[in-house]
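**Q** Shown below is the structure under consideration.
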């Protein structure tokens, strides 16, 4: 029995935690008051070591983080990291009902994906990818793309991208004479919305080519359907 209580007590010893220093030393003005943008989080080591190979390598390897048990993440915001930790704990905990997991929505994905990708937390990325696959938005697709994550997007994602980044152009007709007969050609096409050109440039090469292929196929289908309907 004594050994059991010793194990419980050891969970709360400093060696059982890893310290994350998140954000920079700078301050920002919010509602007329200065607020620190750096915050320290004490996280149970076993939680993130199980989920993140990056954290495991840092705290058990031969780098300075293994000596200090401190990992600095100046590129992220404390509020985003807090969401990340809550989601990570809900995934790692054997009793999920004891952890109030944050609701996965577009806002959480924009905040958490960059952190999960940097730390290599595949379990969290999969949960968030499922949400985007089912309810795609341009912004949430792009946050996966910008993080360099390889995702096999479903066709619904490309449909959403197509509607968001392209503008339908009404069909135009040209006529010319061939062998003494007048021939009318119909062009039904789409063009890129200039406001989204910058976002399209953020797509990874495989995703961009798959999207481009989708646009071509969609254009062909639309053109064929229009031509058939007109002929009828």
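**Q** Roughly speaking, what is the stretch gain from residue 202 to residue 159, that is 0.36 nm per residue apart minus the C-alpha to C-alpha distance, in nm to one decimal?
**A** Stretched fully, the residue 202-residue 159 segment lengthens by 13.7 nm.
**Q** Ranked by Cβ crowding within 10 angstrom, fewest neighbours first, how are 73, 161 ordered?
**A** 73, 161
**Q** For 109, 71, what ranking results if the residue with the fewest other Cβ atoms within 10 Å of its Cβ goes first?
**A** So the residues, fewest neighbours to most, are 71, 109.
**Q** Stretched out fully, how many nm does the piece from residue 66 to residue 86 gain, at 0.36 nm a residue minus the Cα gap?
**A** Working it through step by step, the gained length comes to 4.8 nm.
**Q** Just from the alpha-carbon atoms, what are the Rg and Dmax of the stretch 52-146 in angstroms?
**A** Answer for the stretch 52-146, Rg first and Dmax second: 14.2, 43 Å.
**Q** How do 16-25, 82-91 rank on mean C-beta neighbours within 10 Å, highest first?
**A** Output ranking for 16-25, 82-91: 82-91, 16-25.
FYI, it's all coordinate maths here, none of it is from the lab. Worth saying up front: this structure is predicted, and the values here are computed from it rather than measured. Glycine gets a Cβ as well: all are built from the backbone with ideal geometry, and neighbour counts include every protein chain shown.
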